Structure formats: structure tokens, C-alpha cells
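The values are calculated or read from the model by the stated rules, or taken from the named source; none is laboratory data. What you see is a predicted model; the values in this text were computed from it and never measured. Glycine also receives a Cβ, built like all others from the backbone with ideal geometry; neighbour counts cover every protein chain displayed.
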Amino acid sequence: MFFVHEMEERIPLHPSYFSSEAPDSIRELLYKRKEGTNTGTMMIVRIIGILEISEPKVAPGTGMALYTISYRAVVWQPFRGEVVDGEVSQVVNNGFFVDVGALSVFVSKAMIPSQLKFSMEGATPSFADNEGQIVEAGSQVRLRIKGIRSELNQMYAIGSIREDYLGPLMQ
Amino acid sequence: MRLYTPNGLLYPVKVTRLLRQPGDEIEENAPLFDYEYKSKVLEGHINSKGHLEDKLVERTWPATFESELEGSLTSLNLTVGQVLTGKTLIADIEETCKHEVQFGGLCANCGKDMKEVKSYNSTVKGTDRATINTVHDRHGMHTVLVSQDETVRADEEAKRRLLDQRKLTLVVDLDQTVIQCCVEETVGEWKSDPSNPNFEALKNVASFRLPHDSKTYYLKFRPGLTDFLEEMSKYYEMHVYTMASRDYAQIVTNLIDPGRKIFGTRVLSRDENGPEMRKALKRLFPVDTSMVVIIDDRGDVWQWSPNLIKVNAYDFFVGVGDINSSFLPKRQELEAKPKQPTQFELEKAPDGVQADAPPADGQEPQGADKAARKPSAPLTPPLTPPAANGEVSAVDLMVSMAGGQDDNSMEEKKHEHDETLASQLADRPLLKKQKILDAADEEAKEGKDSPAVEEATEILREEGEKKEATPHDHPKYRHNLLQDDDTELTHLGNNLRSVHDAFFADFEKGVSAGDIGRVAELRPGKSKKQTVQDLQNLPDAAVIMQAIKSRVLGGVHLVFSGVVPLGVNVHTHDTVIWAKTFGATVTENITKKTTHVIASPERRTAKVRQAAKKGGRIAIVSSGWLFACFSQWEKVDENPFRIHSDAPLNGAAGLPGFEDKEAGTLSSSDEEAALTETEAENETDGEAVNGSQPTLEIDTDVEEELAKYAPHDGRADSSPTEEQQSEDWDALQAELNEFLGSEAEDSDAPDESDNESSALSSNNSTPGNHKRKRDAEADEAPTTNSEGSRLQKRKKEAMSRTTSLNNMSSAGNLDGAVAVDEPAAADDLGGIDEEDGDDVDLEAALAAELEKDDDDGGEAEGES
């Protein structure tokens, strides 16, 4: 789910940037550092505004100036039970991987309806039934997130398509 | 899942009350039973004096046992009053989810976090339930791990699928097996220059770049690769398993298999392989490898897995080797590349010197060349960094194999890898070699014999590459370094097909051997029962392959000589292990059973000479023969590979080396030194013209040689003193050779049976025996008519020997090299003894020699 979220970040600025342009430099640094990253629980999609840039303080021993910046950003946070759409990136014999934005979700065989069977025909592995439903690399899939775990800057998720209205999307 | 009491309980414990019944649903940490245990504690007591005093007392405490698992309780193996004395199985709990498939620390089936330590009660880590990685995976850290049970299930499914498609699995290595890659810019330059001699060969070389890497990689397919892959994909499900990086593997796979129709996503690179430097089939097929065949140019990285078909390494970019070899254990190589006379060499002779080598002579070795060259080509020249070449000590090997365990060494490897590539970029080994070739061409044109020519010859020889047959009067011709003439894949394809056929033939047999009626009944439905039965009867591809392979060199007894580097245990050497997988028996010394000696063409070692003396029984061949057998899976004709065939018993053969000697171009002093008396004999035999001069010259060399290499290897007629009568020496020698030839064959026969051999050893003392033998011989020998004249010559010879015999005995003391050969000679002399009994002088001489013979012969026999 997408949110607009307010956050704070402390960023050091190298002395060579100390000039009247220092606030711009620090802004740029913030964008570079934070946009598109994963905080462990959420993904920062885009910074939409900077609320405040504090007075810098020189960090003892380094000469770097420390700015505390509070900013507002669009973030994406997946939740357990959430239904999301994604693109299948790889199919293996015990399930398939779906890229939901930057999150990689694994859908295991137990979470796939039993009529979808694994096949290796033509060397492209896929899960397919006889009624035209097919899950192969590149197809769009709607799934429910069954579990999420986050480690430092990383998120793992397990998905399921074993429910009504879930599974491969018709193009 | 079974529930055990943990080791940490204060045993013995006594069950006092059961809290749950089988069939109950239990949640995590639910109490299962009450128990009591005893322990000693300090308690304060007031003693008789009224003081407080600590006292150790044993007390019984009550406690409750809680289940760490959740699910439904299927059985509870406890009774009230039971005393548990150690870790005991107490219950069986059917879990709702066994967490058998995990992804990123999550159970893929229920979504629970497996890395979380659930409670104070857990004894088993959630992540321990699924530890096997079976996916060739792009996800790096987030791999899908599965449990043993799940793996078995998946494996069965995969096998059923393969059986339905009538396919086996083929694991393919990339570098030097199906392709070769290099980063040398020279290739790019040559490729865009049509005037370059290598232009033709480079036409279909592809180039690519890796992300985050400025180097251009040049990729050469092994000839026939596209057809090979296409053909094989009908019989095999193909996997890539390489020690290259993920990016490299993906790009190369895309190049050799555009559209990924053949390999799909089944690409495993070193990024997924973990820190080890070996490849393990278990990584991809953890349960059963009975339907897997591997092709790789390295046997050691697979620990010579029985599923492996080792192929001859593809070496197109000469001197480059495998650019990813830093991630592999060091490669053992044969010490000496088999030197084959190259076209270049043959060509040079007429150019450089005015030798009149007739074209017929040139052609014969050429034809042999074509066959011989290819298999020997894969003996790669040293890799660019010298470190990767040559003898690899066992310690080194172990260090390098064990070293790959931690990240640091992986870093080191990467560093080493980068350095290798950098040095390749900087040094441009290909360009250098081509320059040498060009220089040599120039020189050759001017009719000079120069160091450059020598060097170029050396290079060509090292490569063992076939040079295109070009008329040497072609003025513009420059020799091209790169050759595109590999046929390995053709043979490999055939072999793989025959493995496939044999496997399914066996499989069908297994199925029909089972309950035919039932199978037939079940077949249409493809019921599970039937396939399970199929799986039980599944033949093993490894066994089938071994059976096919061991027929190839079955009954062949090999001796390696001058091929395996000194100081290396023969039986651990790659080539030797490889030969053994084909059913050959390898011994260190020549024995009665030896059938082939694999030797180096440059060096005539003691073993070669020994083998030559056994007559035609032992084939002396270059290692090219062995590689041809390996590649074609059949015992190929030895004749094109025979070397040192100028040994006396095989008659004079037009070996190129021999001609070179005649022309006097290539006879370096080394080679001269390596000459032995047998060669010398032969020379004089064939070409009576230069008889005395070279033989005398060689004489000293021979002595040295023998002293060095051949302590008990020699023959009566090989005594150096013999050279003294050079007048009728040639004629005598010819006849003697012939005579000995028949004798030697005879004397070989007893080797087969102990019975006769003992008879033979005693034949000096029992003339009757002799007579018989002699008669039999006379019947056999076609030359019986000339016996009289021959004997006279012999007599003469022996007369003049009387003096030389004295010399000989002193020489014999020196080195024992003159030690007279075993029964053959003894027999021979005995024969003379018998028929010319009146010749006293001769007899005395012979007696002296005979005495010696007896000693030596006895020794020799004891050994053989």
C-alpha cells in the first residue's frame, strides 16, 4: 500500500561543499541516498517535499557538517493479507517468483491451485492448466501476500494465488 | 513430526500425569504431561548449636513438559509412572505445516517467519527444516530452500517428467568444453582485418561485454556446437554448470542458445555454487543422479564423478586456456606436449635445407597427422600466468581446494582472476605467437635456418595444432596461429546418444521385466503406482556409461613413460584416472600383460626401449592415441599414433623424426643424445650409407644413456663393443635381427605360461630340451635354408667377440646396462653351442657369456 510518510534523516556534508549552495547540495544528497531504497519495512518511492533542513553541526573529528533533514515521501509498504499485482520473473519446479515493484515474492506450489500444473515444455517452465491459464516468466499475476519478513534493507515475501480471483491476469 | 524430550532435562524424570490424549489438537507450548525430577539444593538449617547452616539436600520438584510443536497429536508414548533417563521419543505430532519449502527465512507454504526464535521452548531452528538448495537461482541470497522429503518428492516428479519425454539430464560446462573465451584485443583486430591469416578462423567469433566491465570478451564456439546442442536437446534436458560469474554465464548461454530454447533458466554459475571450487552434482540433484550425465573438460572439479564424460578441452585461442580457471583447482598437465611433426616443420625442411624429402614421405606423416593432431590439440599450453601450469603438488591441490572455504579466499580468487585477464590484455600472447610465426615465415622464405624458425616450430609443436596443407611455394602465405578443426563434439554427440539409447533400452527391459500385465493395464492411465514402479527399476546412467566406457580400453594394460611429470604419483594423474575410467589397467612398469606404452615422442625412455624389445606385442604410441580413444569411445587404430616404431622388430618405418634426422635439420644435440642403440641400428640397417659414422658417435651416448636409465635393460648385441667390426656389421645385424625376431617371439610365449618359462630357464643345463626347441623353430622359421651360412657368420662374429667380451664384463660392472637379455639370448647361444660343438674357442667365449646370461637372465625373469 502507498502512503505519504514523513521521515527524518541525518546526512553529513563534506567541507568542500560548504558554500552558499550547501542547502542544494544536501538536498541532492538526500534524493540520491534515499529514493528507491528499502528501509526494511517500506520502500521509499519518491521524496515529494523537504519540510525542514536543520542548522548544520560540525561532527567532531571529521569536519563534516551534519544536517538533519525532515522530508515527506511516497512510500510503499506491503502488508500481510494485501492483494498485489506483479510480474513473474522466474518459474521453478516448486513455485514461481513474482516481482511486485522491488519486492520479490515467492509463490510456492502449495499456494498454487492444484489445476495449475508444472510443465517444462519447450524449455520454458510454466504452471498451466488446460483452460488457458498459464503462469510463465513475464506473465502478470495477482496474488495475496501471506507472509513478510524484513531484514536489514531487505524484504522477503510469500504469496498465494490459491483463492478466487487470484492468479494470472488476462491481458 | 516426532517430539523428543530435550537433552537439557534433569534426568531421570518421572511422569506423573498425562495432560493430553492422542487425537488432541495442541498449540505451541501446550502442556503435554507433568513430571517430577530430583535435584540437590542448598537449604538453610538450624543445627544443634542453634546456628544457621547451609546444607545440600536432595528434593523432588514438579514440572510440566510443554510441546514445542503444534498440530494434532497422533501418538503419545508415555504412561504414568514411567521414568525417562535420557532423550526419549515421547510423541508424534502431525503438523499443519512442516515448513518444507522456505524462501528468505519464510515458510513458503504458510508464510510464517522461520528465523524468529519462537519461544523459550524451541530446540529446533525453523530454518533447519529446509536446507537443500535445488534451484539454479538468480535470487542469490533469497534462495528457495527445501527439506529432504520435499526434495525427494520433487526429484521423483522430475524423473517422471523426463521419462515421459524419454530424456536424460545433461549438465554442460561452458569454458573449454563447448566454447572458449578470451579478452585479448588482438582477436578483435584480427577479426576486422581480412588480410590477417587468422581471419578465416575468427569469422564466427562473437564478442560481448559484461556489465561493469570495460573488457571485450571474444567467444568462440566449438565447431558444430549449435547442431550439437540442438541434437542433444532431443535426448537430454540440458543444464549449464559453470565456474564463471552469473553475468558471464547468462550472456554466454544466450549466445550459444539464442532464445533459451535449450537451456531455459537452468544455468548455475559460481555465484550460486557457494564458496567451493568444485562442482557437485548434489547441488543440482541432491537425491538421485541416476539420470544425469555431465560433460566437462575437467575431471578433478567433479572428483571424477561416475556420471562424468570428460571431454578433451577446447583450445582455440592458443595459450589462453580457461579464463575462469582461477576459480577451479589447479590443473594438472602432461609434462610434455606430444610433439607431432607439423606441416610447418615438414614444409620447412625443403625450404631451409636442400634435403630431398620425397613428397611421398611427406604425405604419409601428414595423413597420420590429421588423425593424430586433433586429439592431441587439447593438451593445452600453459595458461597465461605460469602459476596455473605444470606440476601441482598434492599439498598445493589440497590447499587450493580447502582454501576456497571463506570469503577472503573467494576475494583472492577474484583478484587472481582479474590479474589473469589483465595480463592477457597486456601481454597479448596470441599476437606474440603470431609474430614469431610470421618472422619464421620470412626467414623460411629466405632459406635461412634461424632461431626464429626454431622458436616457431617450437610453438607449433607445443600447440600440437595441425597446419593447413599449403604448397610451400605460395609466396603470400602466412601461417595462421588459430585453427578451427576440432571434431570433439561430433564424437561426443554420438557417445551421448548411445548412452541415451542404452539407458532407455535398459529401462524398457526393466519395465517389461516387471509385471507386464499390470503395467500394460496401467499404462494408459499413467497411474502413480506404475511410475513408482518405473522409478524403482530405473537404470543408472552412470553404471551404463561405465559399462560402455570400460569396454573401450578393456584388457588394455598401459604403461606411461615420459608423459607424466616426475614426482607425480602416476595413479593420481588426470590422464591416468581418465584412462582408468575407460577400463584400462595402468601399471608403473612394463609387465607381462602390458599392451601399450604411452610415451613422449621426443624421449626414448628406458621403458620404451624395454617395450620395443618385446616385439610387436606392446604398441608404443603417443598420448594422442589415448585421447583419440577417449574422444571416440572406441579403441582406435594405433598405427597413426605409433612412435619409436623404428625399433628393430617392427622394421624400418618412415617416421618423420627419422627423416628429419636424415635431412639433418632438426637433430638438436638433445635428440642425438636421446638416441639409443636400437635407433642407431635401425639407421644403419635402413641406410647403409652413413652406417659407421653416426653409430660410433652415438656409442658413447648410449653408454651414458643406459647407465642413466636402463640398469637391466639391454641385450647381448647391444653391447657397445660390437661396433668394432663395422665391415659386415650391417648384414650381420640384419640377419641377427631377423633371427632374434623369431626367437623373441618364442621367448615371449613362455611369458604367458609359467610352465614353459621354467623349462626355458633350465634349458641351458638340459640340451635335450634345446634340441626340441630348435627343431620346432626350424619348422617355423622361414629362413631355415640360410641357416648354414648364417651360422658361419655368427661364428665369425662370435670369434671376434671373444675379445670384446672381456671388455664387456668390465663395462657390465660399470652399469649393468649391457646386461644381456634373458632367455632369448641364452637360447640363441645355446643353439649355436649345440650345433657347433667342435668350435672350442667359440665355446669358451660363449661359456663366459652364458655365465653372465644366467645371472642376468635369472634376475630379469625374477622381475618379469
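In region B:49-60, the residues that are of a type outside the set (Ser, Thr, Tyr) form Cβ pairs under 6 Å with partners that are modelled with pLDDT under 85 and outside any strand (DSSP E or B), at six or more places apart or across chains, as follows: B:Glu53/B:Asn47.
Could you tell me whether any residue of region A:44-62 is over 30 Å from A:Pro125 (Cα atoms), among the aliphatic types (A, V, I, L, M) and free of Cβ contacts under 8 Å to residues at least 12 places away in the same chain? I'd like the intermediate steps shown before the answer.
Step one: list which residues in region A:44-62 are over 30 Å from A:Pro125 (Cα atoms), which gives A:44-62.
Adding the requirement that they be among the aliphatic types (A, V, I, L, M) leaves A:44-45, A:47-48, A:50-51, A:53, A:58-59.
Pick out the ones that are also free of Cβ contacts under 8 Å to residues at least 12 places away in the same chain and you get A:58.
So far as region A:44-62 goes, yes, one or more of its residues are over 30 Å from A:Pro125 (Cα atoms), among the aliphatic types (A, V, I, L, M) and free of Cβ contacts under 8 Å to residues at least 12 places away in the same chain.
Given the structure, is B:Glu157 in contact (Cβ under 8 Å) with a residue 24 or more places away in the chain and either of a type in the set (D, E, K, R) or buried (at least 22 other Cβ atoms within 10 Å of the Cβ) (or both)? Considered against the rule, which asks whether it is in contact (Cβ under 8 Å) with a residue 24 or more places away in the chain and either of a type in the set (D, E, K, R) or buried (at least 22 other Cβ atoms within 10 Å of the Cβ) (or both), B:Glu157 comes out as no.
Among the numbered conditions (1) without any contact (Cβ under 8 Å) to a residue 60 or more places away in the chain; (2) assigned to a strand (DSSP E or B); (3) farther than 30 Å from A:Glu136 by Cβ, the only one that A:Val91 does not meet is (3). The residues of region B:243-272 that are within 24 Å of B:Met291 (Cβ to Cβ) and in a loop (DSSP other than H, G, I, E, B), listed by number, are B:Met243, B:Asp257, B:Lys261, B:Ile262, B:Phe263, B:Gly264, B:Thr265, B:Arg266, B:Ser269. Counting the residues of region A:21-80 that are assigned to a strand (DSSP E or B), farther than 27 Å from A:Phe2 by Cα and not basic (Lys, Arg) gives 4.
Can you pull out every residue in region B:61-82 that is touching a residue at least 60 places away in the same chain (Cβ under 8 Å) and under 60 Å from the mean Cα position of the chain (by Cα)? Those that are touching a residue at least 60 places away in the same chain (Cβ under 8 Å) and under 60 Å from the mean Cα position of the chain (by Cα): B:Phe65, B:Ser67, B:Glu68, B:Leu69, B:Gly71, B:Leu78.
When A:Phe79, A:Phe96 are screened for being under 14 Å from the mean Cα position of the chain (by Cα), within 30 Å of A:Ser114 (Cβ to Cβ) and within 14 Å of another protein chain (Cβ to nearest Cβ), only A:Phe79 passes. Determine whether B:Lys580 is surrounded by fewer than 20 Cβ atoms within 10 Å (Cβ to Cβ) and assigned to a loop (DSSP other than H, G, I, E, B). When the stated conditions are applied, B:Lys580 does not pass them. In region B:153-242, counting only strands (runs of 3 or more DSSP E) that sit wholly within it, the ones holding 3 or more residues that are modelled with pLDDT of 85 or more and within 13 Å of another protein chain (Cβ to nearest Cβ) span B:236-241.
Counting residues that are more than 11 Å from chain B (Cβ to nearest Cβ), which strands (runs of 3 or more DSSP E) fully inside region A:99-171 reach at least 1?
Fully inside region A:99-171 and qualifying: A:126-128, A:134-136, A:140-151.
Working only within region B:84-122, note down all residues that are within 14 Å of chain A (Cβ to nearest Cβ), polar (S, T, N, Q) and surrounded by fewer than 20 Cβ atoms within 10 Å (Cβ to Cβ). Within region B:84-122, just B:Thr96 meets the criteria.
Those residues that are of a type in the set (S, T, N, Q) and either under 29 Å from the mean Cα position of the chain (by Cα) or under 21 Å from B:Phe285 (Cα atoms) (or both), I need them from region B:250-274; list them, please. Let's see the steps before the verdict.
Of the residues in region B:250-274, the ones of a type in the set (S, T, N, Q) are B:250, B:253-254, B:265, B:269, B:273.
If the condition is that a residue be of a type in the set (S, T, N, Q) and either under 29 Å from the mean Cα position of the chain (by Cα) or under 21 Å from B:Phe285 (Cα atoms) (or both), then B:Gln250, B:Thr253, B:Thr265, B:Ser269, B:Asn273 are the ones that fit.
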